[in-house]
1. B:Lys368: farther than 23 Å from B:Leu498 by Cβ, more than 25 Å from the chain's Cα centre (by Cα), within 14 Å of chain A (Cβ to nearest Cβ) and among the charged types (D, E, K, R), yes or no?
2. Could you say which residue among B:Gly314, B:Gly303 is in contact with a Leu (Cβ under 6 Å, 6 or more places away or on another chain), modelled with pLDDT of 90 or more and not charged (D, E, K, R)?
3. Just checking, does the stretch A:88-101 include any residue being charged (D, E, K, R) and facing another protein chain (nearest Cβ under 9 Å)?
4. Which condition does B:Gly30 not pass, out of (1) assigned to a helix (DSSP H, G or I); (2) touching a residue at least 24 places away in the same chain (Cβ under 8 Å); (3) of a type in the set (Gly, Ala, Ser), if it passes all the others?
5. Which one of these is more than 14 Å from chain A (Cβ to nearest Cβ) and surrounded by 18 or more Cβ atoms within 10 Å (Cβ to Cβ): B:Gly533, B:Gly522?
6. Quick check on this structure: which one of A:Leu150, A:Leu140, A:Leu99 is crowded, with 20+ Cβ neighbours inside 10 Å, under 18 Å from the mean Cα position of the chain (by Cα) and under 20 Å from A:Asp73 (Cα atoms)?
7. Filtering the stretch B:171-197 down to residues that are part of a helix (DSSP H, G or I) and within 14 Å of chain A (Cβ to nearest Cβ), which residue is farthest from B:Lys274 (Cα to Cα)?
Amino acid sequence: MAMLEVRNLKKQFGNFYALNGVNFDVNEGEIFGFIGPNGAGKSTTIRILLGILKATEGTAKIFGKDAWKDAVDIHRRIAYVPGDVNLWPNLTGGEVIDLFIKLRGGNQSNRRDEFIERFDLDPTKKCRTYSKGNRQKVALVAAFAADADLYIFDEPTSGLDPLMEQVFQACVMEAKQAGKSVLLSSHILSEVEKLCDRIGIIRQGEIIESGTLSELRHLTRTNLVVETKEPISALHELNGIYNIEEKDKTVSFQVDSEQLDAAVKHISQYGIIKLESAPPTLEDLFMRYYENKDEKAAGGAS
Amino acid sequence: MFRTLTNHTGTLARLILRRDRIRIPLWLFGITFFTVIIPIAFDSMYASQQERDAMAETMKNPAMIAMVGPADLDNYTTGVMTAHNMLLFTAIAVGLMSILLVARHTRTDEEEGRLEMIRSLPVGKLANINATLLVLAGANLFLALLNGFGLYALGIESMDLEGSLLYGATLGGAGILFAGITAVFAQLSESARGTIGYSIAALIIAYLLRAAGDVSDSALSLLSPLGWVTKTEAYAKNAWWPIFLLIGAAILLFILANYLNAIRDLGAGFIRVKPGKKNASPFLQSPLGLALRLQRTAGISWGIGMLAIGISYGSVMGDLESFFAENELLEQMLVAEEGYTLTEQFIPMLFMVLGILAAIPPILSAHKFIGEEKKNRLEHLLARAVSRTNLFSSYLFIAIANGFIMMTLTAIGLWSAAAAVMEEAFAFSAVYGAAMAYYPAMLVMIGLALFFIGCLPKFTPLVWLYLAYSFFALYLGRLFQVPDWAGKLSPYGHVPQLPIESMKWPTAIVLTVIAALFTALGWMGIKKRDIEG
């Protein structure tokens, strides 16, 4: 069942289309990773989902309700953490957490102190004295202490240290195990790779690819390193082979997933001594979409 | 040793000058402008000795002495009058300049981590504080000369060279002293906010100490640096000893600040910050409670300010008759009405000005909505189960209540001080009625502010323009014989002139309805627009 449903979402600022037809779903009990560089439209999408911005076109629904019209009803069941947490300098962290929990209403869990401890936050300090990471902790504690059905995180760990990042990841996994859904927008691709069931990649206001990590991997290339008894010839004549590098008797190259079979058949003729294959990382995927737009078009044609 | 501690002081001083190349000149020329414009105004408004003596007469009461200090009232020349009315307040402004500039270049830079980068370079430990004090001393010296020669250049008979230079030196001396005070607090406090807070508290305490000392004519004033300021009596006795006192005390404070800076760690202070609350009180846990909490300090400060303004106007009510009789210019501004005293005729004009002034805090309070929006903090609330209308209504409610409280405090201040100095005191209901007659006009201004916030957030500053227009059209308009319709373009132009006119309820109702319409439009607008951030 889709907890969150975005269909053909468009948002215009003046003449500029920040979103140009975004489509994706987040299903129940699923962690959905939302990745893309700055300015691609991640935060704009999230702010429309929160009913803070009004969509120019298209629909954004959470729990089957309209994100703009039924904002207050929806918000009783969600928890949100922005990437840039700006707090009131003269309130303490503890006061802000209480305020946030209270304003959310809905289900209250009394886990505030537990999460303050887990995130190692001093709630008696004024927000003015908090670093970026500590302000994020305030928002995270308030979010996890709420017993929400859907969590929306917009680059929540950008100021946290590796230790706290792990605490965050553990908290997200616990939420998932409790059957909650999560929309996680992040720059930290290793984090998305580790946590997310499905991923959507956004570029210039459009989702250009979405699916499970293994589905996405099929769309891309595998890295192979091969050592053969005899030198491999005519490798570059095969379809879907890229970045061939030869060093002594070792050849490394990338191969399109659908050409893997043909490539392995070809090289096996030369007597394989060693064969290493590595699946593409999310970073490879991401970079491929962003760095080599032209190459992608060419690869698709071959 | 001291040389290595202050290595590159000159370079840092140049950096400060570069960073403040607009800020410092603005302060200096702003202050100098007011210093020279006032005696010109006094010289034309109170041209004859008779008029000045009448003014001196109004100064002979404890309220005025508490406010501006003592003076040679029997020899009230334009020079004495300028020094009496302006020197103390200008010195406070100069003190404020020093406080803000010193805090900016010491604790603020330290708190923001800029000083850490500077200190990682081959720069002396005490270079920054001494560069700051060097620049401030220079700026204040320049200010002293600018004001001294500026006043002398006016060529007003009673303002000789010595008095003028002393006037300037007093301002400069006060500025240098408060630079020293702030430099010490910048060492004691751990935050920029604390530094500014403690320093301004010192300024206020100095003022109050002097007020108490002057009224009781005791040595208490001699404990206050602002007491020393009034003791110079420029253009009368021309006493120079307070200048030496100011500079001497400043040097001691500079040394103390250097010592404290030398013995502490970067980022540390001497006054411990006590931990804040671990939990939010139930009061805080709503959009309304939060908005009130955020505006608490500003609201209380404005309330005290409006009360004080009311009191200061009320305290001159006793001498108004004689004062107006001597001053044609002011008499001209009042509508001649049979059967009412001049004081009573003065009331509506006074409340018009106060009503415009009292509209500032509620508009600021409403504008806080935009401020919170721009800082991305409304997002925290709207992302939770808080509707836009609920949030907007909180600010609406606070602004309306704020305006009511401000007007009430002003009326209370004015009435109570007037009751103390007048032989036949006003009835409170008369004064309060005259004040509250302006409340519907104020509501129109608040409504307009809310309309802009809801519908056209980029245009919110236009309210200030309209408020300023109201002031010029109605207050100065009387002086320059601006046509009537110009005043009618402002809601304040329709308010009945209580107590010389009777209350016009239809006008009040129409103004209130207009205010409600604006507010309703803003309320509908906020439901539709994007929340920026």
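The values are calculated or read from the model by the stated rules, or taken from the named source; none is laboratory data. Since the model is a prediction, treat every value here as computed from it, not as a measurement. When we count neighbours, we look across all protein chains shown, and the Cβ atoms used for this are built from the backbone with ideal geometry, even at glycine.
1. Details: farther than 23 Å from B:Leu498 by Cβ: yes; more than 25 Å from the chain's Cα centre (by Cα): no; within 14 Å of chain A (Cβ to nearest Cβ): yes; among the charged types (D, E, K, R): yes.
Taking the combined requirement at face value, the residue does not satisfy it.
2. On the way: B:Gly314 fails: modelled with pLDDT of 90 or more.
None of the others qualify; the one that does is B:Gly303.
3. Here is the first cut: in the stretch A:88-101, the ones charged (D, E, K, R) are A:95, A:98.
If we keep only those that are facing another protein chain (nearest Cβ under 9 Å) too, we end up with A:95, A:98.
The answer is yes; a qualifying residue exists.
4. Here B:Gly30 clears every test but (2).
5. Result: B:Gly522 is the single residue among B:Gly533, B:Gly522 that is more than 14 Å from chain A (Cβ to nearest Cβ) and surrounded by 18 or more Cβ atoms within 10 Å (Cβ to Cβ).
6. A:Leu150
7. B:Ile196
Residue-wise test of (1) at pLDDT 85 or above; (2) of a type in the set (Ser, Thr, Tyr).
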{"position": "A:Ser185", "(1), (2)": "yes, yes"}
{"position": "A:Ile201", "(1), (2)": "yes, no"}
{"position": "A:Gln204", "(1), (2)": "yes, no"}
{"position": "A:Ile207", "(1), (2)": "yes, no"}
{"position": "A:Glu215", "(1), (2)": "no, no"}
{"position": "A:Lys229", "(1), (2)": "yes, no"}
{"position": "A:Asp256", "(1), (2)": "no, no"}
